[in-house]
């Protein structure tokens, strides 16, 4: 099993239910390697670990979701971070990469 640490997120605009929002479409590791959501979900299914890394915050575990969290949006596969005591390390708050 491998461990991946990410510090940047890739997003794309989408529309669902008549509203615009951004999807997470991939992540970038601290080594600068980009991965698409499907690659990350497949890696998690194999037992690999994925975490965010933000200076001054604990690492947050990345996990799969069935769909995007926006209302009426069924974009899949999707990823998120486990909830903890801070939002700084959430995927939605990482800088773009």
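Among DSSP bridges having both ends in the chain, what percentage is antiparallel? Round to the nearest 5. If you can, show how the numbers build up before the last one.
Details: 19 of 24 bridges.
If we restrict to bridges inside the chain, about 80 percent are antiparallel.
Would you kindly state how much longer the chain becomes between residue 2 and residue 36 on full extension, computed as 0.36 nm times their sequence separation minus their alpha carbon distance, in nm to one decimal?
On the way: separation 34, 0.36 × 34 = 12.24 nm, distance 1.67 nm.
Roughly 10.6 nm would be gained on extension.
Send over the Kirkwood Rh of region 3-83, from the inverse of the averaged 1/r over different Cα pairs, rounded to one decimal Å. Could you put the intermediate results ahead of the total?
On the way: mean 1/r = 0.0761 Å⁻¹.
In region 3-83 this quantity evaluates to 13.1 Å.
Report, in deg cm²/dmol and to the nearest 500, the calculated mean residue ellipticity at 222 nm for the chain, where each DSSP H run with n ≥ 4 adds -39500 (n - 2.57) and the sum is divided by the residue count. Please list the in-between numbers first.
Working: 1 runs with 9 residues, N = 97.
Computed mean residue ellipticity for the chain: -2500 deg cm²/dmol.
What is the extension gain from residue 86 to residue 20, computed as 0.36 nm multiplied by their sequence separation minus the C-alpha to C-alpha distance, in nm to one decimal?
Details: separation 66, 0.36 × 66 = 23.76 nm, distance 2.61 nm.
In short, 21.1 nm is gained.
Every read-out reported here was derived from the displayed coordinates using simple, explicitly stated rules and does not represent laboratory data. Please read these numbers as outputs of a predicted model, since none were measured by experiment.
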